[in-house]
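Take a look at the structure below.
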Amino acid sequence: MSGSKRIHYHKIKLSDGTVGWVHDEFVAIHVRPAVATQEEAVYKRPDMAAITEKTFKRGDFVVVRKVEGQFVEVTGKPIGDKWFTSGFIKEDNLSYYNDDVKYAATMRRSSRRDQRKN
């Protein structure tokens with residue numbers, strides 16, 4: 001507990017055998033990986049009137065938590081942002097194809113390496 005807020009952690013084991021704990025905000029369980037195929041606004045709820053100022057850009061890697069009509073609830077970290085973004089986006093602006101998802105993940109790693117060099 002932190003004040004009145006309950007904080008959840010997951011025990012994890014890395015491929016090198018290291019064991020530790022991760023805050024549940026940084027773990028995606030029972031989700032489907034996807035990649036944004038174009039710039040897409042993020043909505044607070046699955047409703048066109050609930051638009052926010054946040055967006056996912058083409059190539060941003062996300063995980064889909066649930067589907068609600070034409071919208072999906074996603075979480076992802078847009079390239080260049082410091083924090084994860086969660087909300088709803090229109091499902092037709094996502095690709096679930098393995099090659100697209102792998103490409104987005106590879107580009108994400110590459111951009112992080114480039115940022116560390118600068």
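The values are calculated or read from the model by the stated rules, or taken from the named source; none is laboratory data. Note that this is a predicted model, so its numbers are computed, not measured. Cβ atoms come from the backbone with ideal geometry, glycine included; neighbour counts cover every protein chain shown. Side chains included, ligands, DNA and RNA excluded: accessible areas come from the protein's heavy atoms. Shrake-Rupley method; radii C 1.70, N 1.55, O 1.52, S 1.80 Å.
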Next item on the list: Within the set of other residues whose C-beta is less than 9 Å from the C-beta of F56, count the net charge using Lys and Arg as +1 and Asp and Glu as -1.
Entry: 0
Next item on the list: In debye, nearest 20, what is the charge dipole magnitude of the chain about its Cα centre with +1 on Lys and Arg Cβ and -1 on Asp and Glu Cβ, if you could check?
Entry: 580 debye
Check: When the chain is fully extended, how far beyond the present Cα-Cα distance does L14 get from R58, taking 0.36 nm per residue of separation?
Finding: 12.8 nm
Notebook entry, point to check: Which of these, K57, K44, K13, has the largest mean-square fluctuation under a Gaussian network model of the chain (Cα springs below 10 Å)?
Noted result: K13
Notebook entry, point to check: Given a 1.4 Å probe and every protein chain left where it sits, what share in percent of the accessible area of the chain is carbon and sulfur?
Noted result: 50 percent
Next item on the list: Have a look at D16, D92, D100 and tell me which one the Gaussian network model of the chain (Cα, springs below 10 Å) gives the largest fluctuation.
Entry: D16
Checklist line | Kirkwood Rh, Cα atoms: Rg over Rh of the range 50-97 | finding: 0.92
Next item on the list: Run through every distinct alpha carbon pair of the chain and return the Kirkwood hydrodynamic radius in angstroms, one decimal place.
Entry: 15.7 Å
Notebook entry, point to check: Any idea what the relative contact order of the chain is, in percent, if you count C-alpha pairs under 8 Å spaced at least 6 apart?
Noted result: 21 percent
Note to self: Please give the Cα centre distance for the range 60-78 versus the range 1-33, rounded to the nearest Å.
What the structure shows: 19 Å
